[in-house]
Amino acid sequence: MKAIEKMVKKEKGKLIKLDGIKLKVKNGFILFRKSGTEPLIRCYIEGLDEKTFGEMKILKDKIVNSTFNY
């Protein structure tokens, strides 16, 4: 999670560490959090509209790929 936090800090938006690591932007957010039942990191994306959701998905992919060197 620290590696994800490091990558999220590089992006524009507000970093919120309440229930995982959330990057909040004007019209949406990306939330990374540890699963409570499995050894996984879950990712939630929300966008006010389809365009913002697509932008959040691209940003999520960038963060994940950079963090895990894909």
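Quick notes on this one:
- At a probe radius of 1.4 angstrom, the accessible area of the chain per residue rounds to 74 square angstrom.
- In the chain, the longest principal axis of the Cα atoms and the axis of helix 50-68 are about 30 degrees apart.
- Charging the Cβ of each Asp and Glu at -1 and of each Lys and Arg at +1, and nothing else, the dipole of the chain about its Cα centre rounds to 360 debye.
- The apolar share of the surface of the chain, taken as the fraction of accessible area on carbon and sulfur atoms (1.4 Å probe, ligands and nucleic acids excluded), comes to 54 percent.
- Taking a point 7 Å from the Cα of residue 48 along the Cα-to-Cβ direction, the residues of region 1-36 with backbone N closer than 13 Å to it are 25-29.
- Per-residue ³J(HN,Hα) for region 19-32, Karplus 6.51 cos²θ - 1.76 cosθ + 1.60, θ = phi - 60°, Hz, x for Gly and Pro: 10, x, 10, 10, 9, 9, 10, 3, 10, x, 7, 10, 10, 10
- With the Kirkwood sum run over all distinct C-alpha pairs, the chain has a hydrodynamic radius of 12.2 Å.
The values are calculated or read from the model by the stated rules, or taken from the named source; none is laboratory data. Note that the structure is a prediction, hence the values are computed from the model and not measured. Every residue, glycine as well, gets a Cβ built from its backbone with ideal geometry; the counts of neighbours run over all protein chains shown. For accessibility, only protein heavy atoms count, side chains too; no ligands or nucleic acids. Shrake-Rupley method; radii C 1.70, N 1.55, O 1.52, S 1.80 Å.
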